[in-house]
Amino acid sequence: MTPSRATKKLTIVIPALNEQDKIADTIDGVLPLARELLDDFEIFLIDDGSTDATGAIMDEFAAGEPRIIVHHNAERRGVGAGFEFALSRAKFDAITLIPGDHAFHNEGIARMFKAAGAADIVITYRDNQSDRSINRSLQSHSLRFILNCALRLRTYFELGGTIVSLLRRVPIRNVDFSQIPLDAERTAVR
């Protein structure tokens, strides 16, 4: 008897603020991989109050793909607000966030999509830190250190690119990732 393959259904959230030069590359990388590697998917493109052509570019992609949902914030609300918007409307239990600044290599996204459905949490990490500013790298390393200490983990956890299936069980009271209560974080990783 052959074991059944886990269903690969994924809600993908791509937030962006003034990323007109990179958002098309991000979507052009994610969309074909989702079509090829996932059984079903939806993509939430979150325009977080952009003042450039980011929102218009997102609308063009949505016109050609019914599984793309675009949400335009009139003003900047932050990544957490976009994630909360998508989470409240997601069709699938598994959800991931991919930054709209084309920060992840397509090969890494493909590996993540291939792992969808294999576990409640699929944690990825960036190994190409050289393209980040020193300030951004320091913030990421500090957050990872704090989360690892608080949750007694030993992981290279980063907020973007992680597939989580348990978030519907966690009450979200805040819209900023940095303000999610510690008890919610503990619940999310169990």
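The values are calculated or read from the model by the stated rules, or taken from the named source; none is laboratory data. Remember, it's a predicted structure, so these values are computed and weren't measured experimentally. Neighbour counts are summed over all protein chains in view; Cβ atoms, including those assigned to glycine, are modelled from backbone coordinates with ideal geometry. Just the protein is used for accessible areas: all its heavy atoms, side chains included, with ligands, DNA and RNA removed. Shrake-Rupley method; radii C 1.70, N 1.55, O 1.52, S 1.80 Å.
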Inset, instruction - Among what's in region 32-63 and is under 14 Å from Lys114 (Cα atoms) and part of a helix (DSSP H, G or I), pick the residue that is farthest from the chain's Cα centre (by Cα). - result: Glu36
Inset, instruction - Could you grab me the full set of residues in region 28-63 that are open to solvent by 50 Å² or more (accessible area, probe 1.4 Å) and within 23 Å of Arg111 (Cβ to Cβ)? - result: Asp28, Pro32, Arg35, Glu36, Asp39
Legend entry - Test result for Asp25, loosely packed, with under 15 Cβ neighbours inside 10 Å, of a type in the set (Asp, Glu) and closer than 22 Å to Ala115 by Cα: no
